[in-house]
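Please see the structure below; I have some questions.
The values are calculated or read from the model by the stated rules, or taken from the named source; none is laboratory data. In this text, all values refer to a predicted model and were calculated from it rather than measured experimentally. All Cβ positions, glycine included, derive from the backbone under ideal geometry; neighbour counts span all protein chains shown. Each accessible area value is taken on the protein alone, full model and side chains, heavy atoms only, with ligands, DNA and RNA left out. Shrake-Rupley method; radii C 1.70, N 1.55, O 1.52, S 1.80 Å.
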Amino acid sequence: MRTLYVVTHPEATHHVEGVVGGWHDSRLTSVGVRAAVCIAQALRSRIPDGAEVELFSSDLQRTLRTADEVAEAFGVKPVLDRRLREKSYGEAEGRPQEWLDRRFIPPPADGERMDHDEGVQGAETKASWARRIYAAMDEILRSPCEHQIIVTHGGSLTCVVASWIKMPIESAGHASFRAPSGSITTLREDDFFHNRQVVSLGDTRHLDSARTG
């Protein structure tokens, strides 16, 4: 049986500064660092001692810092993959969120959504974003390891889950599997039917101690 634990990085500086994240290389706040410790502890409690564990992470500072805590808990080294980054917002990255909000063109309710132009120079379309994450997932899942951890971003979680359930990219225009920062989503595939289950989406119970610490 294969289980994937998909972590969305906890609070980062772009959250508290009110600026656009994307590929802007923000860092974890002190609250985020405490949350990363709680994430690592929660994962350690869910995976049997002695089990082989593989750890994959986006290469941005906020995800890498989170992955470092997990790596220490399991004695493994994270595999960094830039394809697991958040959606790129082009020239909006690092600017105030309201700067992006004034320029953003939302996708239509019907019609073309995957290749929709959001009106921001250099921003990725949902199609290009999904293609790189699907490619990263294909590579991760070629490994037979039964316990895998992926540290990524809140927006990118949608593409990870859509890939996991084998949703065709062209059908993902309306898909949204959003979860809070610092959450753990658990995905499982059984050995008999090879069905792929979303066991839990965006679990944050482990963060209670980080909020009060």
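Hey, could you check segment 136-178 for residues that are charged (D, E, K, R) and assigned to a helix (DSSP H, G or I) and say which is modelled with the lowest pLDDT? Full working, then the answer.
Going through segment 136-178, the residues charged (D, E, K, R) turn out to be 138-139, 142, 146, 166, 170, 178.
Applying the additional criterion that residues be assigned to a helix (DSSP H, G or I) yields 138-139, 170.
Values: 138: 98, 139: 98, 170: 95.
Per the stated criteria, the residue is 170.
Scan (1) under 15 Å from residue 7 (Cα atoms); (2) touching a Ser or Thr at 6+ places or on another chain (Cβ under 8 Å); (3) open to solvent by 80 Å² or more (accessible area, probe 1.4 Å) for the single condition residue 115 breaks and write down its number.
Against the list (1) under 15 Å from residue 7 (Cα atoms); (2) touching a Ser or Thr at 6+ places or on another chain (Cβ under 8 Å); (3) open to solvent by 80 Å² or more (accessible area, probe 1.4 Å), residue 115 comes up short only on (1).
Right, here's the next one. For the structure I just gave you, tell me whether residue 52 is over 22 Å from residue 156 (Cα atoms) and touching a residue at least 40 places away in the same chain (Cβ under 8 Å).
On the way: over 22 Å from residue 156 (Cα atoms): yes; touching a residue at least 40 places away in the same chain (Cβ under 8 Å): yes.
Yes: the conditions hold for residue 52.
Is it the case that residue 108 is touching a strand residue (DSSP E or B) at 6+ places or on another chain (Cβ under 6 Å) and either under 22 Å from residue 25 (Cα atoms) or open to solvent by less than 70 Å² (accessible area, probe 1.4 Å) (or both)?
Details: touching a strand residue (DSSP E or B) at 6+ places or on another chain (Cβ under 6 Å): no; either under 22 Å from residue 25 (Cα atoms) or open to solvent by less than 70 Å² (accessible area, probe 1.4 Å) (or both): yes.
Taking the combined requirement at face value, the residue does not satisfy it.
Same structure again: Residue by residue through segment 156-196, note down the ones that are open to solvent by 20 Å² or more (accessible area, probe 1.4 Å) and touching a Phe, Trp or Tyr at 6+ places or on another chain (Cβ under 9 Å).
Across segment 156-196, the qualifying residues are 169, 189, 196.
Only one residue in 107, 10 is under 24 Å from residue 165 (Cβ atoms) and not in a helix (DSSP H, G or I), so which one is that?
Details: 10 fails: under 24 Å from residue 165 (Cβ atoms).
Matching residue, one of 107, 10: 107.
If I go through segment 197-208 residue by residue, how many of them are closer than 16 Å to residue 40 by Cα and open to solvent by 70 Å² or more (accessible area, probe 1.4 Å)? Step through it out loud before you land on a result.
Step one: list which residues in segment 197-208 are closer than 16 Å to residue 40 by Cα, which gives 202-208.
Still in the running and open to solvent by 70 Å² or more (accessible area, probe 1.4 Å): 205, 208.
Total satisfying the criteria: 2.
Does residue 72 meet the test of being open to solvent by 80 Å² or more (accessible area, probe 1.4 Å) and out of contact with any strand residue (DSSP E or B) (no Cβ under 9 Å at 6 or more places or on another chain)?
Working: open to solvent by 80 Å² or more (accessible area, probe 1.4 Å): yes; out of contact with any strand residue (DSSP E or B) (no Cβ under 9 Å at 6 or more places or on another chain): yes.
Yes; evaluated as a whole, the condition is true for this residue.
Considering only segment 110-135, state which residues are in a loop (DSSP other than H, G, I, E, B) and among the hydroxyl-bearing types (Ser, Thr, Tyr). Working first, answer last.
Our first condition is that a residue be in a loop (DSSP other than H, G, I, E, B); within segment 110-135, this holds for 110-122, 124-125.
If the condition is that a residue be in a loop (DSSP other than H, G, I, E, B) and among the hydroxyl-bearing types (Ser, Thr, Tyr), then 125 is the only one that fits.
Restricting to segment 43-63, name every residue that is open to solvent by 10 Å² or more (accessible area, probe 1.4 Å), under 22 Å from residue 205 (Cα atoms) and in a helix (DSSP H, G or I).
44, 45, 46
Inside segment 107-158, can you point out the residues that are under 25 Å from residue 188 (Cβ atoms), over 15 Å from the mean Cα position of the chain (by Cα) and of a type in the set (A, V, I, L, M, F, W, C)?
The answer is 141, 145.
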